[in-house]
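Each remark here refers to the structure printed beneath this line.
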Amino acid sequence: MTDTASARRARLDAIREATLHRQVTAHEGSGFNGRWSRRQWAHASLFAMAAMLAAAIVPGFDRPVVTRGNAPVARHSMALALPPLPLARVQGAQGDSWQVVQVRRGQTLASIMDELGITVDTREKLLRQPSVRENLRRLRPGTQLAFDLPVGGSLRAFRFDRDDSQQVELTLAGDAIKEHVIVRPTESRTVVISGKVGTSLYRSARKLGLTAAHVDTLTDDMFKYDIDFNDDVGADDRFSVVVEQTWRDGELVRTGPVLAATFTTGDTLHSAFRWDRNGKPEYFTADGRSLKRTFIRMPIPYARLTSGFGARHHPVLGRMRMHKGVDYAAGSGTPISAAGDARVKFVGWKGGYGRVVMLDHGRGYTTLYAHMSQFGKYKVGQRVAQGTVIGYVGTSGMSTGPHLHYEFQINGVHRNPLSVTMPPPEPLGGAALAQFRMQTRTALARIREVEHIIYAADEQPQVARVTKPEPKKPARSS
């Protein structure tokens with residue numbers, strides 16, 4: 001029996017004794033003969049029961065009462081001695097004060113160290129380190145930097161990632177800085193990411209872990225000419241993407257470019273695969289045809305056609321004149337892209353055309369871009385890839401407003417860039433085609449396996465289903 005139970009029992013006995021004493025005293029003057037009447041026993045029982053109820057209800061006789069809501073809760077407090085802090089913690093030993101900073105847009109290494117209160121001398125020492133200048137000259141948003149900076153003390157060490165598998169640690173000891181490279185093993189995994197378009201392809205893809213660049217690859221490089229993403233895509237249409245991910249210490253470090261992808265619109269399956277040709281990545285169909293067009297019909301994004309090819313009334317000269325190209329209206333400074341792979345033929349001022357860039361695409365094809373506000377960084381003789389920015393929209397020369405004048409020539413003859421038949425790019429062949437087909441078979445097998453798991457309940461008319469023939473029944477003998 002515990003001390004609490006003993007105390008409760010003793011208190012109950014005391015209350016009962018006092019009750020009996022009061023009953024006896026009350027009846028002494030009335031000639032009590034030493035024996036209780038039935039009425040006296042009833043009174044004593046009532047007093048005893050009341051005492052027991054009081055012992056059970058009044059706080060302090062039993063465990064604390066816990067209430068819900070905002071009502072006060074009875075608690076017992078007990079003072080406990082805390083264990084002493086380790087001596088290393090008290091003295092601020094190295095390793096207990098690392099602060100990890102994630103770079104925000106617009107931040108520099110100098111501004112980050114200034115926010116952390118690092119002295120100017122220490123900051124200058126770090127910025128002079130060759131490894132810092134080489135790797136941290138331009139910080140990308142999301143980059144992580146670690147500083148060993150104790151409270152009230154000076155910077156002791158600084159860490160940053162040189163690449164996915166190497167981390168540089170700079171230790172400060174007086175005026176000296178020691179550099180140590182920490183090797184962190186990485187693991188590469190080829191994964192399939194699949195999902196439905198839903199209300200937004202971009203939003204759905206980002207939720208699955210794909211980047212904005214991955215979505216641009218799907219819409220601009222792979223399926224731009226096969227799918228109208230404004231009108232042809234529904235909420236139940238699905239996409240599957242094969243990418244290579246880099247993992248380190250159980251965390252995803254980086255996701256590589258799209259290696260293969262399928263896009264299902266209704267009952268139609270579109271597929272595209274990445275392959276390096278002549279050292280440059282391109283996307284091809286399953287049979288080795290390039291998805292890249294030899295020329296882009298509109299070398300400026302989100303532009304409005306204001307003047308077509310052919311004879312027209314010139315807005316500046318005021319008379320009929322042959323318009324040898326097409327005009328696209330756009331805001332001044334809008335980037336202009338090369339319509340195809342080419343070599344720069346001319347950069348400069350050309351009469352009424354104003355600032356002009358001419359590109360030679362080989363096989364007799366040339367393009368001209370006029371009325372620029374400024375040129376790109378390429379000079380005559382340099383090679384440029386399709387989509388490279390070669391200049392910016394302006395209103396130089398004979399122009400009434402900012403726009404791009406775009407011309408297309410074949411063997412010196414001007415052609416309408418909106419109607420001319422563009423030459424198809426050369427497909428893969430020979431050994432390259434054989435290797436490409438081996439790669440596509442593996443990628444398609446992985447995509448189909450994942451889609452079969454995720455969309456098992458959905459119909460998949462685009463996937464060939466293999467059915468076993470039913471065994472023939474033996475013929476009955478007559």
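Details
- The string of couplings for the range 185-193 from the Karplus curve (6.51, -1.76, 1.60, θ = phi - 60°) is x, 10, 10, 9, 10, 8, 10, 10, 10 Hz, one whole number per residue in order, with x for Gly and Pro.
- Extension gain (nm, one decimal) between residue 249 and residue 398, 0.36 nm per residue minus Cα-Cα: 47.5 nm
- Per-selection Rg to Rh, the range 333-448 - Cα, Kirkwood hydrodynamic radius: 1.14
- Amide H contacts under 5 Å for residue 296, placed H, 5+ residues apart: 340
- Between residue 363 and residue 305, the simple label model (points 7 Å from Cα in the Cβ direction) yields a spacing of 2.4 nm.
- If you take all other residues with their beta carbon under 12 Å from the beta carbon of residue 344, and give Lys and Arg +1 and Asp and Glu -1, the sum is +3.
- Cβ crowding within 10 Å ranks 140, 162, 448 as 140, 162, 448, fewest other Cβ atoms first.
- For the range 219-233, the Karplus equation 6.51 cos²θ - 1.76 cosθ + 1.60, evaluated at θ = phi - 60°, returns couplings of 7, 9, 9, 9, 10, 4, 9, 10, 10, 8, 6, 8, 10, 9, 9 Hz by residue, with Gly and Pro reported as x.
- Residue 454 paired with residue 114, simple spin-label distance in nm, labels 7 Å along Cα-to-beta-carbon: 4.6 nm
- Ascending count of other beta-carbon atoms within 10 Å, so fewest first, for 361, 270: 270, 361
- Taking the range 304-415 and dividing mean pair separation by its residue count, relative contact order in percent (alpha carbons under 8 Å, at least six apart): 30 percent
- Put a dot 7 Å past the Cα of residue 418, heading toward its Cβ, do the same for residue 431, and the two dots end up 4.7 nm apart.
- Environment charge at residue 205 (Cβ cut-off 15 Å; Lys +1, Arg +1, Asp -1, Glu -1): +1
- Note on residue 329/residue 163: beta-carbon distance plugged into 1/(1 + (r/R0)^6) with R0 of 45 Å gives a FRET efficiency of 0.50.
- Over all pairs of different C-alpha atoms, the range 119-183 has a mean inverse distance whose reciprocal, the Kirkwood radius, equals 12.4 Å.
Taken together, the values in this text are just the output of simple stated rules run on the coordinates, not laboratory data. Everything numeric here is computed off the predicted structure, so don't read it as measured data. Cβ coordinates were reconstructed from backbone atoms using ideal geometry, including for glycine residues, and neighbour counts include every protein chain displayed.
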